[in-house]
Amino acid sequence: MLLTQDAANIAGSIDPAFRHDIVTGLSRSPKATPPIWFYDRRGSELFEAITDLPEYYPTRTETALLARHGADFSAAVGEGRAVVEFGAGSSRKTPHLLRAIAPGAYVPIDISGDFLHASSAALAEAFPGLPVLPVVGDFNRPLALPNAIAGMPRLGFFPGSTIGNMEPDAAVDLLRAMRRLLGPDAMLLIGMDRIKDRDRLIAAYDDAQGVTAAFNMNLIERINRELEGDLPIEGFAHRAVWNDDKARIEMHLEAQRALHFHVAGQAFEMDAGETIHTESSHKYGARDQRLLLRAGGWEPTGEWTDDEGLFALVLAEAG
């Protein structure tokens, strides 16, 4: 389990995983950093603000699907499963699922400890008879589930199209890891964003209010604060780009001029126009999403999408 940044600050130390990933990413050509490090407390708050933006369709579309198809989920999943949510965040969508399927326990996993404990406390209050067992950690790395759910059948819940933030090979590896963690009789309910109009996609990642830009730029502020960085905030700009060949939106931090800066005692340079690739969000067609799940050890058994075909929720069984 990763040491969260909240705990690292208390200990007065630098999170070694954060330092490693950022220094390694800035040393590459082209430069790229893992999106997991967006999510300190401020980043998590900004992402929650993004989900309320008019341009950002995934959250409201997925929430509507969860609210509308509760009876379908109940019939397909049954009662008494331990729901294990990967990257739980604020768990805003989760109550729709919990009310529908009457689970035996809820295990939210998130890297942001403060944020996770606050949302878990709120859910425990809303569902007083339900054991809520938060796990602070990075679901991309090995984790141990609570002993309290040993022997319970499990339902993995991976909403928000987070699977799209990974390269397909890494996504398959994660799906296989989830399959091992959840066990042979597990099920998985996963959100997957669909390919759609380029302009609509770019607007969702470059909103008029600049909230997504602030979310991206917060990574620089976090590096400066926690890794002894001196990156000039005004030297960067947020960019969202549609990569048609790879069917993905890319977020970048673009250097506005030639830059020289330090992170964790190491020096870096960037030319004007050079970027740090901070996130990809792959979009999937119906056929491709099924192929991805099967490659990851899951057999799709059900699918729900909105009338416009913007977003899909897919239910799968361990293969």
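Which of the residues that make up region 27-44 are basic (Lys, Arg) and either in contact with a Pro (Cβ under 7 Å, 6 or more places away or on another chain) or open to solvent by 30 Å² or more (accessible area, probe 1.4 Å) (or both)?
Residues satisfying the conditions are Arg28, Arg41, Arg42.
If the requirement is being outside any helix (DSSP H, G or I), in contact (Cβ under 8 Å) with a residue 24 or more places away in the chain and more than 21 Å from Ser120 (Cα to Cα), which of these qualifies: Leu26, Leu53?
On the way: Leu26 fails: outside any helix (DSSP H, G or I).
Matching residue, one of Leu26, Leu53: Leu53.
Which residues, taken from region 267-295, are part of a helix (DSSP H, G or I) and either out of contact with any Gly (no Cβ under 9 Å at 6 or more places or on another chain) or of a type outside the set (Gly, Ala, Ser) (or both)?
Passing the criteria: Arg287, Asp288, Gln289, Arg290, Leu291, Leu292, Leu293, Arg294, Ala295.
Yes or no: Glu234 without any contact (Cβ under 8 Å) to a residue 24 or more places away in the chain and not polar (S, T, N, Q)? Walk me through how you get there before you give the answer.
On the way: without any contact (Cβ under 8 Å) to a residue 24 or more places away in the chain: yes; not polar (S, T, N, Q): yes.
Criteria met by Glu234.
Of the residues that make up region 73-83, is at least one in contact with a Phe, Trp or Tyr (Cβ under 7 Å, 6 or more places away or on another chain), in contact (Cβ under 8 Å) with a residue 60 or more places away in the chain, closer than 27 Å to Leu201 by Cβ and not basic (Lys, Arg)?
Checked region 73-83: no residue is in contact with a Phe, Trp or Tyr (Cβ under 7 Å, 6 or more places away or on another chain), in contact (Cβ under 8 Å) with a residue 60 or more places away in the chain, closer than 27 Å to Leu201 by Cβ and not basic (Lys, Arg).
All but one of (1) part of a loop (DSSP other than H, G, I, E, B); (2) farther than 25 Å from Leu174 by Cα hold for Thr212; state the number of the condition that does not hold.
The number of the failed condition is (1).
Pairs only if they're at least six apart or on different chains, beta carbon under 6 angstrom, first in region 249-276 and under 21 Å from Thr212 (Cβ atoms), second open to solvent by 60 Å² or more (accessible area, probe 1.4 Å); list them, first residue then second.
Short answer, once both residue conditions are applied: Glu250/Val241; His252/Arg239; Glu254/Arg239; Ala255/Ala272.
Can you work out which of the residues in region 1-22 that are over 19 Å from the mean Cα position of the chain (by Cα) and open to solvent by less than 20 Å² (accessible area, probe 1.4 Å) is modelled with the highest pLDDT?
Here the answer is Asp15.
Report whether or not Ala255 is exposed (fewer than 14 other Cβ atoms within 10 Å of the Cβ), more than 22 Å from the chain's Cα centre (by Cα), of a type in the set (A, V, I, L, M) and under 20 Å from Pro30 (Cα atoms).
Judged against the criteria, Ala255 is not a match.
Would you check which residues across region 296-316 are in contact (Cβ under 8 Å) with a residue 24 or more places away in the chain, buried (at least 16 other Cβ atoms within 10 Å of the Cβ) and not in a loop (DSSP other than H, G, I, E, B) and list them?
If the condition is that a residue be in contact (Cβ under 8 Å) with a residue 24 or more places away in the chain, buried (at least 16 other Cβ atoms within 10 Å of the Cβ) and not in a loop (DSSP other than H, G, I, E, B), then Trp298, Gly302, Trp304, Thr305, Phe311, Ala312, Leu313, Val314, Leu315, Ala316 are the ones that fit.
The values are calculated or read from the model by the stated rules, or taken from the named source; none is laboratory data. On a predicted model such as this, the values are computed, not experimentally measured, just so you know. For neighbour counting, all protein chains shown are included, and Cβ atoms are generated from backbone atoms with ideal geometry for every residue, glycine included. Note: accessible area is taken over every heavy atom of the protein model, side chains too, but ligands, DNA and RNA are not part of it. Shrake-Rupley method; radii C 1.70, N 1.55, O 1.52, S 1.80 Å.
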